Amino acid sequence: MKPHYPILDGLRGTAALLVVIYHLFEAYYPVPANHPMHHGYMAVDFFYLLSGFVVGYAYDDRWERMTVWEFLKIRLVRLHPLVILGTVIGAIGFWFDPFTPLLPGVPHVSILKLIGVMLISFTLLPAPDVRGWNETHPLDGPCWSLLQEYIANLLYAFWGHKMTKTALWIVVTISGIALTATAIWHGDVGTGWSFETFWIAIVRMMFPFFAGLLLYRSGKRLHIKMAYPLCSLLLLILFFLPTWKYNGIYEAACIIIAFPIVIAMGAGGTISGRWEKICRFSGAISYPIYILHYPFIYIYTSWVIAKKPAPDQITLVACALFLFFILLAYSSLKLYDEPVRNWLKRRALQKADR
């Protein structure tokens, strides 16, 4: 039986919770330089690196008994039910949002157009803008990163699982250079969600995903005590450090150097008792909370901009939303995601080793 990596589950949850906090702050601090968590968007890059590691761990040894189509079905069953739910929540939230129509520059959207955008969004393909932000996924913003995750899985299925370490090193080196050049040119990596910057999303995905795959295959692990709290603290520090003159270099260094070290420590650490339970719970809600929270962030952000509430009101609402997102993630996992995935496994994964 394969060993499990509960600390990596916990770190995925840590990163997801930090994303939620980043978005709650972002409504009041829309300018990144003023944002208290200056680099919170790098959680996405951490997710990609972790995903590359976990995909290699879970599937590298299964290709003799699994086809590309079976692998893709497994990944669709794992990821897509919550994409559908997040999109539906996003469409309902957009239609009944009382604050977004008060903002300047918001286009009028008919119910037919909204339904069309929702149907396109079900496929995870970029959809027409409905709120004036020029997002590729305007009903549930984080879906832009899920599209890149799907692209990464396709690359792994068709080529990545067959790559030698030498070939992986070449891909990782070239993509690392592209990532660094892009981060320096743009000043940060906090983009890729719009139509104009879609190419940056691909750059952001390529290095960390294949670096994570290479890290898994290299077998490099760092064994330290208290790996979970220390790694979580390290992520917190990396995300909260201020921006500076060489910000692009700093963020590229985090993704290329610091994040692989964090994952190597998480993979090499051991955990038990209460900490293990925290890691398992944190990991279980990480994907639901990431993909479901943003439709409510749209309404919350529009409220902040349109009504200009006092800081203490914003703090109270933000704290309530944070707790609500945890409850929403857990209840969605138990009442929707797990039952739907179990049903799909019985129907769609008859041959693949689940």
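The values are calculated or read from the model by the stated rules, or taken from the named source; none is laboratory data. Please read these numbers as outputs of a predicted model, since none were measured by experiment. Cβ atoms come from the backbone with ideal geometry, glycine included; neighbour counts cover every protein chain shown.
Going by what's in this entry, would W185 be described as over 20 Å from the mean Cα position of the chain (by Cα), modelled with pLDDT of 95 or more, within 25 Å of H38 (Cβ to Cβ) and of a type outside the set (S, T, N, Q)?
Details: over 20 Å from the mean Cα position of the chain (by Cα): yes; modelled with pLDDT of 95 or more: yes; within 25 Å of H38 (Cβ to Cβ): yes; of a type outside the set (S, T, N, Q): yes.
Here the answer is yes, as W185 does meet what is asked.
How about the stretch 190-201: which of its residues are in a helix (DSSP H, G or I) and either at pLDDT below 95 or surrounded by fewer than 16 Cβ atoms within 10 Å (Cβ to Cβ) (or both)? Steps first, answer last, please.
Just the residues of the stretch 190-201 that are in a helix (DSSP H, G or I), to begin with: 198-201.
Once the filter is applied, which keeps residues that are in a helix (DSSP H, G or I) and either at pLDDT below 95 or surrounded by fewer than 16 Cβ atoms within 10 Å (Cβ to Cβ) (or both), the stretch 190-201 yields only W199.
Would you confirm whether or not the stretch 128-151 contains a residue that is part of a loop (DSSP other than H, G, I, E, B), among the acidic types (D, E) and surrounded by 13 or more Cβ atoms within 10 Å (Cβ to Cβ)?
Checked against the condition, which is being part of a loop (DSSP other than H, G, I, E, B), among the acidic types (D, E) and surrounded by 13 or more Cβ atoms within 10 Å (Cβ to Cβ), the stretch 128-151 yields at least one hit.
Let's see how each residue does on (1) aliphatic (A, V, I, L, M); (2) at pLDDT below 95; (3) surrounded by 19 or more Cβ atoms within 10 Å (Cβ to Cβ):
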{"position": "I237", "(1), (2), (3)": "yes, no, no"}
{"position": "I255", "(1), (2), (3)": "yes, no, yes"}
{"position": "L335", "(1), (2), (3)": "yes, no, no"}
{"position": "E338", "(1), (2), (3)": "no, no, no"}
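As an exercise: evaluate P107 against (1) modelled with pLDDT under 95; (2) more than 23 Å from I299 (Cα to Cα) and give the number of the one condition it does not meet.
Answer for P107: the failing condition is (2).
State all residues of the stretch 305-332 that are free of Cβ contacts under 8 Å to residues at least 40 places away in the same chain and assigned to a helix (DSSP H, G or I); if no residue qualifies, say none. It would help to see each step written out before you state the result.
The initial filter retains those residues of the stretch 305-332 that are free of Cβ contacts under 8 Å to residues at least 40 places away in the same chain, namely 308-310, 312-313, 315-317, 319-320, 323-324, 327, 331.
Result: D312, Q313, T315, L316, V317, C319, A320, L323, F324, L327, S331.
Among residues belonging to the stretch 1-25 that are in a helix (DSSP H, G or I) and over 17 Å from the mean Cα position of the chain (by Cα), point out the one that is farthest from F209 (Cα to Cα).
Checked the stretch 1-25; the qualifying residue farthest from F209 (Cα to Cα) is F25.
Hey, H35 hits all of (1) modelled with pLDDT under 95; (2) surrounded by fewer than 17 Cβ atoms within 10 Å (Cβ to Cβ); (3) closer than 24 Å to P208 by Cβ but one; which does it fall short on?
Condition not satisfied by H35: (2).
Quick one: how many residues across the stretch 225-235 are aliphatic (A, V, I, L, M) and surrounded by 14 or more Cβ atoms within 10 Å (Cβ to Cβ)?
Narrowing the stretch 225-235 to residues aliphatic (A, V, I, L, M): 226-227, 230, 233-235.
Checking the rest, the ones that are also surrounded by 14 or more Cβ atoms within 10 Å (Cβ to Cβ) come to 227, 230, 234-235.
The total comes to 4.
Being part of a helix (DSSP H, G or I), in contact (Cβ under 8 Å) with a residue 12 or more places away in the chain, surrounded by fewer than 20 Cβ atoms within 10 Å (Cβ to Cβ) and not polar (S, T, N, Q) is true for just one of I89, I115. Which residue is that? I'd like the intermediate steps shown before the answer.
Values: I89 fails: surrounded by fewer than 20 Cβ atoms within 10 Å (Cβ to Cβ).
Unique residue meeting the criteria: I115.
For (1) part of a helix (DSSP H, G or I); (2) β-branched (V, I, T); (3) crowded, with 21+ Cβ neighbours inside 10 Å; (4) in contact (Cβ under 8 Å) with a residue 40 or more places away in the chain, each residue gets a yes or a no:
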{"site": "W69", "(1), (2), (3), (4)": "yes, no, no, no"}
{"site": "V83", "(1), (2), (3), (4)": "yes, yes, yes, yes"}
{"site": "H108", "(1), (2), (3), (4)": "no, no, no, no"}
{"site": "I120", "(1), (2), (3), (4)": "yes, yes, no, no"}
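Can you tell me which of (1) closer than 21 Å to I177 by Cα; (2) surrounded by fewer than 16 Cβ atoms within 10 Å (Cβ to Cβ) is the one G219 doesn't meet?
Here G219 clears every test but (1).
Could you check, for the stretch 43-66, whether at least one of its residues is without any contact (Cβ under 8 Å) to a residue 60 or more places away in the chain, part of a helix (DSSP H, G or I) and surrounded by fewer than 20 Cβ atoms within 10 Å (Cβ to Cβ)? Walk me through how you get there before you give the answer.
First, pick out the residues of the stretch 43-66 that are without any contact (Cβ under 8 Å) to a residue 60 or more places away in the chain: 58, 61, 64.
Imposing the further condition that a residue be part of a helix (DSSP H, G or I) reduces the set to 58, 61.
Filter once more, keeping what is surrounded by fewer than 20 Cβ atoms within 10 Å (Cβ to Cβ): 58, 61.
Yes, the conditions are met somewhere in the stretch 43-66.
Does any residue of the stretch 135-152 turn out to be free of Cβ contacts under 8 Å to residues at least 12 places away in the same chain and either of a type in the set (G, A, S) or under 24 Å from S286 (Cβ atoms) (or both)?
Of the stretch 135-152, the ones free of Cβ contacts under 8 Å to residues at least 12 places away in the same chain are none.
For the stretch 135-152, residues free of Cβ contacts under 8 Å to residues at least 12 places away in the same chain and either of a type in the set (G, A, S) or under 24 Å from S286 (Cβ atoms) (or both): absent.
Is one or more of the residues making up the stretch 282-294 under 17 Å from the mean Cα position of the chain (by Cα), surrounded by fewer than 23 Cβ atoms within 10 Å (Cβ to Cβ), modelled with pLDDT of 95 or more and farther than 20 Å from F239 by Cα?
Yes, there is a match, as at least one residue in the stretch 282-294 is under 17 Å from the mean Cα position of the chain (by Cα), surrounded by fewer than 23 Cβ atoms within 10 Å (Cβ to Cβ), modelled with pLDDT of 95 or more and farther than 20 Å from F239 by Cα.
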